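Just below is one structure, and these are the notes that go with it.
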Amino acid sequence: MTRPQGKYLGGEFFYFVLQKNKIGVVIMSRWKYPLLLLGGIGISNVGAWVYLIALNLIILNETGSPLAIALLYILGPIATICSNAWAGSLIDRVNTRRLMMGLDIFRAICIALIPFLPSLIYVYVLAFIINMGSAIFQPTSMVYMTKLIPEKDRQRFNALRSFINSCGSLIGPAIAGILFWMGTPYTAIHVNAVALFFSVLIIMILPNVDSRLKETEGQRFTWDLIKNDFRVVFNFSKDDSYVTKIYLLFSGTTIFMTAIDSLEASFAKEVLSISDTNYGFLLSVFGAGIIIGSIINSVFSKQLAVNLLIGIGTIFTSIGYIVLYSSSGFFGAAPGVFLIGFAVTFANTGYLTFYQNHVPVKMMGRFGSIFSVIEAGFIVALTVLIGLAAELTSIRPVGLIGAFAFFLLGLLALKAVTGVKRQEYFKKGVSSLNS
């Protein structure tokens with residue numbers, strides 16, 4: 001198409017505006033479904049925060065025991081261990097969109113039943129089942145996202161996803177507080193069930209990305225099938241050991257952050273003597289760090305190299321923890337908390353983009369599920385170890401030791417992703433694997 005030769009400046013300007021509008025329409029068309037998916041993620045994330053806070057209050061009101069709350073947090077990784085050893089074999093053989101809808105409906109019904117349970121033991125059992133559903137949903141949604149989002153848009157999508165999640169972490173507790181003021185924690189529980197149904201409606205609008213499942217139709221879901229899938233993942237991990245190495249570094253980041261975070265509230269309240277109000281401000285500073293980091297990631301996604309996001313992001317996240325556990329008051333802790341939120345968005349965006357670009361999508365459910373079982377086991381072990389060490393000694397030195405160990409992991413990550421060969425590897429991607 002040749003450009004029309006306008007005689008007047010007005011004609012030139014009109015042509016420029018027309019071309020810009022065409023580009024805008026193309027971009028909006030390409031991002032229509034990703035934005036819908038982000039909307040669904042946002043609604044689900046806000047609902048998850050409301051549910052978590054409400055369930056904490058319900059159990060605290062019933063028992064008055066911090067140990068009972070701690071048990072609630074351990075249910076998540078234990079549920080992952082119980083479900084994801086076999087869930088990957090299912091995820092890679094079914095329609096991911098339908099599975100996501102089914103899991104959301106199942107979780108919504110289970111959550112809606114919580115206010116009607118006769119005793120606390122049933123609440124724990126149902127919470128465990130809900131956590132199992134959430135553990136299966138996470139790798140399922142990752143497979144669906146990878147199929148839906150083109151490789152060139154994944155880095156920006158992952159940054160926007162971090163932004164949406166961070167907004168949820170700020171908006172969710174605020175909505176929970178309003179709901180508690182208007183009613184009870186049980187009211188908030190029902191609102192979360194409704195939020196999950198809204199998420200289902202959004203997923204229904206999204207396209208079906210699993211058009212080629214012929215080769216898996218008719219396969220019986222047996223123990224032999226699961227064992228064979230373990231071998232497939234093991235062989236891939238051995239053949240492409242670099243991908244496995246980066247994913248293990250990602251898992252290590254998650255493990256360290258979860259374990260060290262378990263001390264955060266106790267450190268702020270008991271060591272720094274921060275009031276409830278200031279602790280709330282500290283969480284807001286963390287959220288602000290995530291939001292600013294996510295915005296920078298999404299705006300400059302084309303300029304930020306994935307390998308540097310991983311290496312630099314991991315190191316500066318660990319430095320944030322060192323600053324936090326070295327602090328002596330609110331104003332000393334705030335920069336560390338901000339840096340954690342800011343830097344972790346870079347690390348997460350880098351790791352997730354690498355994972356989506358270098359793990360074959362046809363086996364992504366199995367790969368992510370099996371490794372998440374290992375990750376969950378280490379989370380439980382390290383969290384318990386750090387908790388016992390803090391109980392027997394002191395919170396600050398344990399937190400600092402954990403933070404410095406995390407820093408060493410960051411140095412390993414930076415070493416693993418730098419160098420000319422590694423830069424070419426990151427740029428190359430494996431679109432052929434994700435077809």
query = For segment 305-326, what are the residues that are farther than 22 Å from SER251 by Cα and out of contact with any Gly (no Cβ under 6 Å at 6 or more places or on another chain)?
reply = SER326
query = Counting only residues that are over 17 Å from GLN138 (Cα atoms) and polar (S, T, N, Q), which one in segment 356-398 is most open to solvent (accessible area, probe 1.4 Å)?
reply = THR393
inquiry  = If the requirement is being within 22 Å of the chain's Cα centre (by Cα), closer than 29 Å to GLY287 by Cβ, of a type outside the set (Val, Ile, Thr) and modelled with pLDDT of 85 or more, which of these qualifies: GLY172, GLY133?
reply    = GLY133
Helices (runs of 4 or more DSSP H) within segment 87-192 that include 1 or more residues farther than 27 Å from GLY289 by Cβ and touching a His at 6+ places or on another chain (Cβ under 9 Å) = 96-113
ask   = Restricting the first residue to segment 157-180 and requiring it to be under 22 Å from LYS32 (Cβ atoms), which pairs with a second residue that is outside any helix (DSSP H, G or I) meet a Cβ separation below 7 Å and a spacing of at least six or different chains?
value = PHE157/ILE149; ALA159/SER301
request  = Scan GLY293, GLY313, GLY287 and give me the residue that is at pLDDT below 85, within 18 Å of the chain's Cα centre (by Cα) and not basic (Lys, Arg).
outcome  = GLY287
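Scan segment 291-305 and give yes if some residue there is open to solvent by less than 30 Å² (accessible area, probe 1.4 Å), of a type in the set (A, V, I, L, M) and either touching a residue at least 12 places away in the same chain (Cβ under 8 Å) or part of a helix (DSSP H, G or I) (or both), otherwise no.
In the first step, residues of segment 291-305 are kept if they are open to solvent by less than 30 Å² (accessible area, probe 1.4 Å); the result is 293-294, 297-298, 301.
Filter once more, so that each one left must be of a type in the set (A, V, I, L, M): none.
No - not one qualifying residue is present in segment 291-305.
The values are calculated or read from the model by the stated rules, or taken from the named source; none is laboratory data. Computed from a predicted model, the values in this text were never measured in an experiment. Note: ideal-geometry Cβ built from the backbone for every residue, glycine included; neighbour counts use all protein chains shown. These accessible areas exclude ligands, DNA and RNA; they are computed on the full protein's heavy atoms, side chains included. Shrake-Rupley method; radii C 1.70, N 1.55, O 1.52, S 1.80 Å.
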